[in-house]
């Protein structure tokens, strides 16, 4: 390390501490050299005396290769293979400072060899990053996951041919990189589409906490409450109906958590779930519960879930959570990203509880089970594939809907087939390892999420009761017979969770009661965490902030009024100032829930810097006015919840 301690290197290490690890005397069978090319002033890298680029003029080779790429200022650029040092330099010179360039090598011991002459000038430029060798690949993907994708328009991969041809690791890294990037772009498009709805729903749900039935609880109140117990996570894959007899036979040994889509299938089989999970911000999820009596079953609902569903009297208790993603950036810092609107939860709940999600209800439900402390989890109906060329198990709302469309020319099989053919399908290994099964791009993303999650929860035993769906690496596949044998020694649990307030309220109000009494915050027993007791004294459950919901509502009202006033002043007094430099925008940037509502417009302007100033201002102001109207329409009916007297 001593030979490279110089002021410039020290400055680089200060900004990127992980780079110091390349000088920890890694052992390698490879012999790397940086030698002079035949053309003066040029260098090439050799591996075990074999050149990895032109030994005559590597600079000319680099220029010719780079000419085949069209690089935009909004691209992330990744170079696979560091065998041509001039390619590293030319790419860095082509990109603007701050634009992201990621250099990927396959050996840690190469870095000290090319550090002084090649890498120091490049890594001094903001936005340049280096990951070389197996020890640094996890750090690379952590960094990739934590990248702010909003200002990025695309991913450009540049390959040094000699490197990528000699080592297959580059192909594997590129495939995984493309998968991560595609998932991040898909996530961004989802945010564009739904963030404003998530914020509106979160505000509505938070403002109604403690005001009326159903009673709202945070999932934090259930953290680690179920240690030593076994759960079954029920999804609506095509194999569910076939394996229901197994669940019926072990019902008294397991906690049953159902996804919203599979609930009706369980009810038709006479199985009462211990909880049901919903994630959908749109009202479509209502159809999974419509017509059912569910007062005994708590609803586990993300804060963004549709208020239309939560306003219905079918549920007596709701367990709220927020979706949050935890990542480690290139500097080793833990980064928490919460779903839009979730940041407001801390103004109402003392701690609501963070749940990680892979984008589906089942992934969220699994992390809820982990959060609650279950020792083992059995997956049922988790096909993640079109088993038997079907999309869902029979008995779901989707199948009920499709049955109304049947005719002589339109069979159930044809409806399934039409939907499947519209999707980007592929074959993956079948559960049990025999043959393959058809899946699609999205289902495969969920499968990879479960595989990664399984590797990080070694304290849990995971089993997939499935012989028809996709193989999930890291989760043992069992037949129903083998799964039943697994649970022979497990004693009946006697439903201990039914003594908790979340379940107790539904059990006290019998399923036959068609007119359940509303429970207000004035009739709660603090010892029972919000259970009605007949007392007229106003109490606040320990998990809630006193008057938090009312304070939040008033806070948002003031924010909207302040924005309207600020916009009027800007329009009246500013003709040459950019809106992004105005006082009202500087204030809005600190209000994350408001800024997220105009994220789409903000990113559009960032990506179109050639727009005239007047047009930029016009776009942003129109977008903010639109979102103010949108929130007002949602919020003003809430005023009835907070009478001035009484």
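The table below lists the values:
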item	result
Helical mean residue ellipticity (222 nm; -39500 (n - 2.57) per DSSP H run of 4+; nearest 500) of the chain	-11500 deg cm²/dmol
Crossing angle, helix 240-249 versus the chain [Cα axis fit, 0-90 degrees, rounded to tens]	60 degrees
Alpha carbon convex hull of segment 187-501, volume per residue in cubic angstrom	148 Å³
Bridge type composition, segment 2-167 - antiparallel percent by DSSP, nearest 5	30 percent
Angle between the chain longest axis and helix 548-573 axis [Cα atoms, degrees, rounded to 10]	50 degrees
Inter-label distance for residue 290 and residue 166, nm, one decimal - labels placed 7 Å from Cα along Cα-to-Cβ	6.4 nm
Average projected area [Cα convex hull, segment 254-332], square nanometres	6.9 nm²
Rel. contact order, % - alpha carbon contacts under 8 angstrom, at least six apart, the chain	13 percent
Ratio Rg/Rh [Cα only; Rh per Kirkwood] for segment 209-286	1.01
Rounded to 10°, Cα long-axis angle of helix 85-94 versus longest principal axis of the chain	60 degrees
Hull shadow area, averaged, segment 2-167 [alpha-carbon convex hull, nm²]	9.6 nm²
Ascending count of other beta-carbon atoms within 10 Å, so fewest first, for 285, 305	285, 305
Ranked list, fewest to most other Cβ atoms within 10 Å of each Cβ, for 621, 114	621, 114
Label selected from [x] 49, 34, 23; [y] 40, 33, 27; [z] 52, 32, 20, the criterion being semi-axes √(5λ) of the Cα gyration tensor in Å as computed here	[x]
Cα gyration tensor shape of segment 548-641, rounded if a/c is under 1.5, else prolate or oblate by comparing a/b with b/c	prolate
Between segment 152-181 and segment 282-307, the alpha-carbon center distance in angstrom	43 Å
Cβ-based exposure ranking for 352, 256, 125, in which fewest neighbours within 10 Å come first	125, 256, 352
Beta bridges per DSSP with both ends in the chain, % antiparallel, nearest 5	30 percent
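Bear in mind these aren't lab numbers, they're just calculated from the coordinates by the rules spelled out. As the structure is a prediction and not an experimental result, all values here were calculated from the model. Note that each Cβ is placed from the backbone with ideal geometry, even for glycine, and that neighbours are counted across all protein chains shown.
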